[in-house]
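The values are calculated or read from the model by the stated rules, or taken from the named source; none is laboratory data. This is a predicted model, so every value here is computed, not measured. Backbone-built Cβ (ideal geometry, glycine too); neighbour counts: all protein chains shown.
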Amino acid sequence: MRISTRARKLFSAAVSAVMAAVLIIPNVPATAATVTVGKTLTTKEGTNAYRGETADLASSGLKTISVYVTVDDVSGSTVNVSYGFGIGLDASPWWIELDHGKFTQTPADPDDTGTSVEIPAGKSTPITVDVSKLNVKYETGQYAGEYEFRNYYCGGGTLTVDKIVPNDTAKPDTPSGPSSTAAKSGAWSLTDNKDGTATIKTTLTGTIDDIGATLTAGEDESNYEDENGASTWEEGMPINSRKLSYKDFGVPASTDDTKVTLESFQFSISSKTNLDTFMYGCGLNVEYMSPADTEYWLSVEENPDTRKGYWYNDHGDDEDGNPTVPEGKLEIEVGKGTRLEDCGKWVEAVWDVPADVQPYATTKDTDTVSIQYWYGDNKEDGYTAVDEVTLEAAACTFTVEKTVPYSGDSKVTVGEKLTQGDDKTNTASLPFADMDAVGENDSLQAVVFSLTCPSEIKKLVFGVTVSDKASEDQYTQMQYAILEAGKTQEICVLIPDSVKADLKYGNLGFGYYYGADANDKLVSSITLNSVRLIYDEAPAVTTTTTVTTTTTTTTTTTTPAPVDALWGDADLSGVVDVSDAVLICRYYAEDEEAVIEAQGKINADVTHDNAISTDDAAKILQAVAKIITMKDLAP
């Protein structure tokens, strides 16, 4: 059997890609040892740091470093600690710093870096740093690998480093922080209406990361309005607020059959100096002239022809401490903003959407929420005002309630472990055909994913992928988060009306993208225990055929709906990937074990020349590499 040079090259390249995707080299950690310290750190440069040799902790295999600290001489049961941490590496850049919970190559600078965490006062508490992804330097001697912990702020108390524990297995206490009384993400319910429909309600969180917007106190949005009330503000101009669209959070718009309720928002804010006071307010789009439209009702008194409206906003007190919106002036109670104290350099600002406002809040793609920085100060500098802070990230928790056609649901056991940070093992791909839970012509309405975690997860970020016959890319992906996920969690995701799930050849995917506990320690893995498919059965397609002999007989038959080709899917896995090109190359090379089913042969002919060859494999590889689009595989 002779294989053409071109086929051999394609075959070799495809197999190499497959082998690279499955090759895993295990890492066996060495024995680790606790280092007792007992050193008190000030917040002044020169006496605010403890430095140790990494080899004293372990000779290899470091996953985490837990710095146990005790903060005394503070009022209250908890204290906000702002700290710095750096560690030596075995290759360039040789040293790396932890900044706001993430490692960066930026050199240590107490005025610009640090991570904040709230811990119990008067109790030895671990601050845990995950170093599992770093090429840590374990060398000893003159050029020893080292690590350093720095105390930037501890609420005016005294901070003592008690001990350093590598790969700590002790369960830490959960620090307190800003709380919300609104509905929590992860809650869901299904009510069978007994009329062929069910009402499904699910609460999820959408996130926006890497915002990096500067908020400047005192620079109100109203400072940038022209005589007609239109905004003249441009990016780069100082302003105390930032508007974020619901489209970027992944919040769906309310429709006639879908009710969306905005529950709460969380804003992650950093400061170059410690914030002993942080005051903020929030606002969002609402129905025009509704009771919640504060912008309209507060401006119409001065100008009956006002064009302002569609907006609710918190209103704080004036300089004399009097409310700017007197009680009873409006039909709803207007929020006065929020004041936080002893925040350090990192603030988690929570805003529950007021109950009076929720019924009028709108969620079109262009609608927004706004965070406004009103005031901040630093008592170490004599309560000097802090002019600027940075909005780093935001989260929106929302509830979707929808009534859908409903026939039943089916639970499928999975039992697959998912590991974050590894593209090869962070996603479970479940062929609908293998689950044998729904018919190929049924309608998938929602999916419930059941998870367990080895430790309490404070924030879990996940993605859901559904093979979609209505999409150019042949799949639809959704990404959300669950806050305070805990150790067990059920997550219900509604399938959008625009998605036509391919239940015959398609897949259902669940990806574990990020998970961390209350101390920002990464939770490396979770287990997807099962999925529950909520669906509506398709009606039978009935045809009538008339057969004529000496008498006329009517015969009724039931046939499935026709199935469209999934171009490129030679192995009928429901997705187009490298394995399809591998199968085509083997088939072309007359490999007897390379079998392509009848539908697969139709799918494989992406050059549409009524033959299967390496040209088809080459075109599929181009689509997988995104040199061309999946749509280009179709005729």
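When Glu440, Glu416, Glu484, Glu490 are screened for being within 30 Å of Thr368 (Cβ to Cβ), of a type in the set (Asp, Glu) and not assigned by the TED database to the domain that holds Thr362, only Glu484 passes. In the stretch 228-245, the condition of being free of Cβ contacts under 8 Å to residues at least 40 places away in the same chain, touching a Phe, Trp or Tyr at 6+ places or on another chain (Cβ under 8 Å), surrounded by 13 or more Cβ atoms within 10 Å (Cβ to Cβ) and β-branched (Val, Ile, Thr) is met by at least one residue.
Total residues in the stretch 286-303 satisfying the condition of being crowded, with 20+ Cβ neighbours inside 10 Å and within 16 Å of Pro326 (Cβ to Cβ): the figure is 2.
So which residues in the stretch 122-156 are over 31 Å from the mean Cα position of the chain (by Cα) and surrounded by 17 or more Cβ atoms within 10 Å (Cβ to Cβ), if there are any at all? Full working, then the answer.
Taking the stretch 122-156 and keeping what is over 31 Å from the mean Cα position of the chain (by Cα), we get 122-124, 137-146, 155-156.
Passing the criteria: Lys137, Tyr138, Gly145, Glu146, Gly155.
Would you mention how many residues in the stretch 51-62 are closer than 27 Å to Ser270 by Cα and surrounded by 19 or more Cβ atoms within 10 Å (Cβ to Cβ)?
Looking only at the stretch 51-62, we keep the residues that are closer than 27 Å to Ser270 by Cα, and these are 51.
Of the ones still in play, those that are also surrounded by 19 or more Cβ atoms within 10 Å (Cβ to Cβ) are none.
So the count comes out to 0.
Restricted to the stretch 241-273, and to residues there that are among the acidic types (Asp, Glu), farther than 11 Å from Ala361 by Cβ and touching a strand residue (DSSP E or B) at 6+ places or on another chain (Cβ under 7 Å), the residue that is modelled with the highest pLDDT is Asp248.
Evaluated against (1) among the small types (Gly, Ala, Ser); (2) closer than 17 Å to Ala395 by Cα; (3) in contact with a Gly (Cβ under 7 Å, 6 or more places away or on another chain), Ala217 falls short on exactly one condition, (2).
Just to be sure, is Asp434 out of contact with any Gly (no Cβ under 7 Å at 6 or more places or on another chain) and without any contact (Cβ under 8 Å) to a residue 24 or more places away in the chain? Outline the logic, then answer.
Numbers: out of contact with any Gly (no Cβ under 7 Å at 6 or more places or on another chain): yes; without any contact (Cβ under 8 Å) to a residue 24 or more places away in the chain: yes.
When the stated conditions are applied, Asp434 passes them.
Residues to consider are Val575, Val547; find the one that is loosely packed, with under 14 Cβ neighbours inside 10 Å, among the hydrophobic types (A, V, I, L, M, F, W, C) and either at pLDDT 80 or above or over 30 Å from Asp616 (Cβ atoms) (or both). If you could, list the steps in order and put the result at the bottom.
On the way: Val575 fails: loosely packed, with under 14 Cβ neighbours inside 10 Å.
From the options Val575, Val547, the qualifying one is Val547.
Table: residues versus (1) under 26 Å from Ala182 (Cα atoms); (2) in the same structural domain as Thr43 (by the TED database); (3) under 29 Å from the mean Cα position of the chain (by Cα).
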residue: Arg307; (1), (2), (3): no, no, no
residue: Tyr312; (1), (2), (3): yes, no, yes
residue: Val334; (1), (2), (3): yes, no, no
residue: Lys364; (1), (2), (3): yes, no, yes
residue: Thr368; (1), (2), (3): yes, no, yes
residue: Asp377; (1), (2), (3): no, no, no
residue: Glu388; (1), (2), (3): no, no, yes
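Any residue at all in the stretch 88-97 that's assigned to a loop (DSSP other than H, G, I, E, B), under 19 Å from Val37 (Cβ atoms) and in contact with a Ser or Thr (Cβ under 9 Å, 6 or more places away or on another chain)? Looking through the stretch 88-97, none of the residues is assigned to a loop (DSSP other than H, G, I, E, B), under 19 Å from Val37 (Cβ atoms) and in contact with a Ser or Thr (Cβ under 9 Å, 6 or more places away or on another chain).
Look at the stretch 419-432 and say how many of its residues are at pLDDT 90 or above and of a type outside the set (Phe, Trp, Tyr).
Initially, the stretch 419-432 is screened for residues at pLDDT 90 or above, giving 419-420, 425-432.
If we keep only those that are of a type outside the set (Phe, Trp, Tyr) as well, we get 419-420, 425-431.
So the count comes out to 9.
For the stretch 611-635, what are the residues that are closer than 14 Å to Ala570 by Cα, of a type in the set (S, T, N, Q) and without any contact (Cβ under 8 Å) to a residue 60 or more places away in the chain? If the condition is that a residue be closer than 14 Å to Ala570 by Cα, of a type in the set (S, T, N, Q) and without any contact (Cβ under 8 Å) to a residue 60 or more places away in the chain, then Ser613 is the only one that fits.
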